[in-house]
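Here's the structure we're looking at; comments come further down.
The values are calculated or read from the model by the stated rules, or taken from the named source; none is laboratory data. What you are looking at is a predicted structure, and each value in this text was computed from that prediction instead of being measured. So basically every Cβ, Gly included, is an ideal-geometry build from the backbone, and we count neighbours across all protein chains shown. Surface areas here come from the heavy atoms of the whole protein model, side chains and all, with no ligands, DNA or RNA. Shrake-Rupley method; radii C 1.70, N 1.55, O 1.52, S 1.80 Å.
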Amino acid sequence: MSQERRYSFEFFPAKTEAGHEKLLNTARQLATYKPDFFSCTYGAGGSTRDRTLNTVLQLDGEVKIPTAPHLSCVGDSKAELRELLGLYKSAGIQRIVALRGDLPSGMGMASGELRYANELVSFIREETGDHFHIEIAAYPEMHPQARNFEADLANFVRKAKAGANSAMTQYFFNADSYFYFVERVRKMGVDIPVVPGIMPITNYSKLARFSDACGAEIPRWVRKQLESYGDDAESIRAYGEQVISEMCERLLQGGAPGLHFYTLNQAEPSLAIWNNLKLPR
Ligand SMILES: Cc1cc2nc3c(=O)[nH]c(=O)nc-3n(C[C@H](O)[C@H](O)[C@H](O)COP(=O)(O)OP(=O)(O)OC[C@H]3O[C@@H](n4cnc5c(N)ncnc54)[C@H](O)[C@@H]3O)c2cc1C
């Protein structure tokens, strides 16, 4: 296995004290697997500003895994973004996930000064030079609001060339879409690592809703199989684990430079895949 591969786990900031305790327990368990980093999402418009900041500082400082805050630009002013960047920089945070974000429904139109993630990447570089390793988002199956696939590729390339160091993808269930995306952006002169984002399958109805919204296609053969299990959560879990483990194996064999797990603040589903793949510990 290549030494350069990197493995990471993503969390979302919890809303309650109990949720935060659960997140910390999950993070401590995942930390024993020595991932390269954790990341923590950010509610566009600043809705999780303090919770993301506190979670990142605690995971980084106490759980002792380097932790990357996500930062999104819609709905935040340049002054607010500058302040957060300063706080992270002075706390020794070295990696940041730069996004446009999606404003939660009801928050109206975006009011930030930066409209797209490529502008945020440029802003971070202008403000902080080379201090941060900047991650950006990639969409092998196309961002749902893009005009078409080619336009989305061009936007990705512009965002990468604005100064990103690597990318993490939206989750997908079709390895070929990932390989095709990487092949295309390489031909367009982008050579940064593009790490597949992995969503373990645990709850089918939630997954189907979420996948519709974010444009991730659940292949018909997977959908039909999952639907046939009805309320049988254990069969859904076991089948999901098998499908995702097999896809990850193919991705790594095909040269993917690592994996980024969307944990949804749970350890077991990601660890089951990690163990099936016999990833390093
Ligand atoms: C790994 C990962 C982590 C994420 N974490 C979070 C999070 O913490 N918080 C959150 O709110 N959301 C998060 N998201 C979701 C993300 O914010 C949404 O998908 C959002 O709609 C797009 O963000 P982006 O950074 O990819 O946007 P962009 O790269 O700005 O693209 C957004 C859309 O605009 C188009 N576009 C880009 N640039 C231009 C341009 N200059 N002119 C015209 N069109 C353009 C693109 O083709 C695309 O359709 C995450 C997504 C991923 C994959």
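Show the residue pairs that are 6+ apart or on different chains and have beta-carbon atoms under 9 Å apart, the first residue being within the stretch 84-107 and of a type in the set (Ser, Thr, Tyr), the second being within 15 Å of the ligand (Cβ to nearest atom) and at pLDDT 95 or above. These pairs meet every condition: Tyr88/Leu53; Tyr88/Val56; Tyr88/Pro69; Tyr88/Leu71; Tyr88/Ile96. Here is the figure for the stretch 212-226: residues that are under 18 Å from Pro200 (Cβ atoms) and without any contact (Cβ under 8 Å) to a residue 24 or more places away in the chain total 2.
Scanning the stretch 253-274 for residues that are over 26 Å from Lys15 (Cβ atoms) and open to solvent by less than 20 Å² (accessible area, probe 1.4 Å) turns up Ala256, Gly258, Leu259, Ile273, Trp274. Cβ-Cβ distances below 7 Å connect the following pairs, each with a first residue in the stretch 138-151 that is free of Cβ contacts under 8 Å to residues at least 40 places away in the same chain and farther than 16 Å from Lys187 by Cα, a second residue that is open to solvent by less than 50 Å² (accessible area, probe 1.4 Å) and near the ligand (Cβ under 7 Å from one of its atoms), and a separation of six or more residues or different chains: Ala146/Asp152.
Considering every residue within the stretch 266-273, establish whether at least one is of a type outside the set (S, T, N, Q) and closer than 27 Å to Glu183 by Cα. Outline the logic, then answer.
From the stretch 266-273, those of a type outside the set (S, T, N, Q) are 267-269, 271-273; that's our starting set.
Next, from what is left, pick out any that are closer than 27 Å to Glu183 by Cα: 273.
Yes, the stretch 266-273 contains a residue that is of a type outside the set (S, T, N, Q) and closer than 27 Å to Glu183 by Cα.
Which members of the stretch 1-13 meet the condition of being under 18 Å from Arg51 (Cα atoms) and outside any loop (DSSP other than H, G, I, E, B)? Even if it seems obvious, please write down each step before you answer.
Step one: filter the stretch 1-13 for residues under 18 Å from Arg51 (Cα atoms), giving 9-13.
If the condition is that a residue be under 18 Å from Arg51 (Cα atoms) and outside any loop (DSSP other than H, G, I, E, B), then Phe9, Glu10, Phe11 are the ones that fit.
Looking at Glu217, Glu127, just one residue is assigned to a loop (DSSP other than H, G, I, E, B) and either under 24 Å from Ile96 (Cα atoms) or open to solvent by 50 Å² or more (accessible area, probe 1.4 Å) (or both), and that residue is Glu217.
Any residue that is at pLDDT below 95 and either within 8 Å of the ligand (Cβ to nearest atom) or out of contact with any helix residue (DSSP H, G or I) (no Cβ under 8 Å at 6 or more places or on another chain) (or both) - is there at least one of those in the stretch 115-122?
Quick first cut of the stretch 115-122, residues at pLDDT below 95 only: 115.
Next, from what is left, pick out any that are either within 8 Å of the ligand (Cβ to nearest atom) or out of contact with any helix residue (DSSP H, G or I) (no Cβ under 8 Å at 6 or more places or on another chain) (or both): 115.
Checking the stretch 115-122: at least one residue is at pLDDT below 95 and either within 8 Å of the ligand (Cβ to nearest atom) or out of contact with any helix residue (DSSP H, G or I) (no Cβ under 8 Å at 6 or more places or on another chain) (or both).
Looking only at residues in the stretch 147-182 that are open to solvent by 20 Å² or more (accessible area, probe 1.4 Å) and within 7 Å of the ligand (Cβ to nearest atom), the one that is farthest from Met199 (Cα to Cα) is Arg158. Scanning the stretch 220-245 for residues that are acidic (Asp, Glu) and exposed (fewer than 14 other Cβ atoms within 10 Å of the Cβ), we see that the one that is nearest to Ile273 (Cα to Cα) is Glu234.
Which residue out of Ser228, Ser177 is closer than 26 Å to Ser39 by Cβ and of a type in the set (Gly, Ala, Ser)? So that I can check it myself, show each step before the final result.
Details: Ser228 fails: closer than 26 Å to Ser39 by Cβ.
Checking each option against the conditions leaves just Ser177.
Of all residues in the stretch 3-54, which are within 16 Å of the ligand (Cβ to nearest atom) and of a type in the set (Gly, Ala, Ser)?
Ser8, Ala14, Ser39, Gly43, Ala44, Gly45, Gly46, Ser47
Within the stretch 192-207, which residues are open to solvent by 30 Å² or more (accessible area, probe 1.4 Å) and either touching a helix residue (DSSP H, G or I) at 6+ places or on another chain (Cβ under 9 Å) or not in a loop (DSSP other than H, G, I, E, B) (or both)? Thr202, Asn203, Tyr204, Ser205, Lys206 - these are the residues of the stretch 192-207 that are open to solvent by 30 Å² or more (accessible area, probe 1.4 Å) and either touching a helix residue (DSSP H, G or I) at 6+ places or on another chain (Cβ under 9 Å) or not in a loop (DSSP other than H, G, I, E, B) (or both).
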